[in-house]
1. Full extension from residue 262 to residue 83: what is 0.36 nm times the residue separation minus their Cα-Cα distance, to one decimal in nm?
2. Rounded to the nearest 0.05, what FRET efficiency is calculated for residue 489 and residue 113 with R0 set to 51 Å and r the Cβ-Cβ distance?
3. From the Cα gyration tensor of the stretch 73-180, with a ≥ b ≥ c the square roots of its eigenvalues, which class applies: rounded if a/c is under 1.5, or else prolate if a/b is larger than b/c, or else oblate?
4. Taking Cα centroids, how far is the stretch 419-497 from the stretch 24-99 in Å?
5. May I ask you to derive the relative contact order of the stretch 305-418, considering only C-alpha pairs under 8 Å and at least 6 residues apart, and to give it as an integer percent?
6. Report the calculated FRET efficiency for residue 5 and residue 183 (r = Cβ-Cβ distance, R0 = 35 Å), to the nearest 0.05.
7. DSSP beta bridges in the stretch 8-243, what fraction antiparallel, as a percent rounded to 5?
8. First measure r as the distance between the Cβ atoms of residue 240 and residue 352, then evaluate 1/(1 + (r/R0)^6) with R0 = 30 Å and state the FRET efficiency to the nearest 0.05.
Ligand SMILES: Nc1ncnc2c1ncn2[C@@H]1O[C@H](COP(=O)(O)OP(=O)(O)OP(=O)(O)O)[C@@H](O)[C@H]1O
Ligand SMILES: [Mg+2]
């Protein structure tokens, strides 16, 4: 082992960027070393994605220098950055779904034999790249569109290493992943690190930042607040740097006067292709957690209640009358809302204004109530702390986390009776998470029933009055408030209580 610090591969100084005269990054300095995983954290809109896009050549900087291996570089297109050894895995992938994995990896620089693409070589090289990442479950000849989000991400990473990237930046790479897939990504990051690749890693999940990163840089309002070795920080210290104040009561207490009221939603003996024997009751004023492993049926359950993948057996009652939605529209008519983390599927219209998006559902389902909702929207967005210049701004210019808050506002505009939440805090920063938790408490105090799916156990346990745990499309059991993560996992995996782990 040598005690010399590994070589600096990327040095950024004085980096400055504004959009429409509004400064987004100011005088940012950053250094990445070979084999270092460097976390980049900050609130929604702090400028993390913009920094990555500047490094990748998607946007051009207004001022500052970027040096790769000591040489100044200026990229006007991501391909130039790729070729120079700097690759970026954006949250929204740039893959062509109808093409194969190998075609995507080697797009535009396919190995050739004479005038023809040498498919055999291309496939073999792709398989080899995937093997370097420890992956043998993705075929080079599979169409990218048939792969899971996690697998597509791996294809992006394979593409990065095919360019022999010495620097890979990843923008919220686990935002769409869960459980085993997150582990897979961890493994890949560690492998890249061993190869000496420098990694710039953006995430809102502090656990991940501490698990993976050697160094952490905190951005706030476009400026670097601090860069520190991660071992010098803990959750509380990091949050204070990000938010500028300590956050007390991460999971806020129930509001006074909240009490489970009458039964709002009753499901009995319901099922469909993915679900079976679903029986549960949600009362007004309660927050119920829905835990379980990836694929256990949590999302399918909330989608069935929302009419997106209807139940084909059993029955539901809402507010005492029969409820059997066969489309989300019917569910919305009964004032049931489903808020998921998937902004694209939620149909945010990126080139429309914040206001138009926030009014999207109410306009189409309850047109008569649009005017009232319009009047309430600025307040609703402000309470979610949406950081935007004005409500006429197009949603595409908002940061990812702020887009998510617009999704919340859009569903809350219908004044739902039952609020189904599927991973509601993915991609949103710590401060905003606490705002969402407070909002959930508020909704409960107003007598709404809340069912929340989350893969983050501390969140489920911290917010729920009781937790339903799913396994194999059924409800495996129910736990009261105060249950432990271990109890949830036992139910989720079917491990028998008291059995020694061996
Ligand atoms: N193309 C653009 N045009 C105008 N403004 C933009 C553009 N891209 C980003 N911004 C603004 O720059 C700021 C920083 O956004 P950025 O996406 O870098 O934040 P972020 O730190 O990645 O946030 P998040 O955690 O929510 O993803 C935001 O105020 C955003 O609205
Ligand atoms: Mg971002």
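1. Working it through step by step, the gained length comes to 58.2 nm.
2. That gives a FRET efficiency of 0.45.
3. oblate
4. Going from one Cα centre to the other spans 35 Å.
5. Computed over the stretch 305-418, the figure is 32 percent.
6. 0.70
7. 60
8. Between residue 240 and residue 352 the formula returns 0.25.
A short reminder: the numbers here are calculations on the coordinates, not readings from a lab. Bear in mind the structure is a predicted one, so any value in this text is a computation, not a measurement. Neighbour counts run over all protein chains shown; Cβ positions are idealised from the backbone, glycine included.
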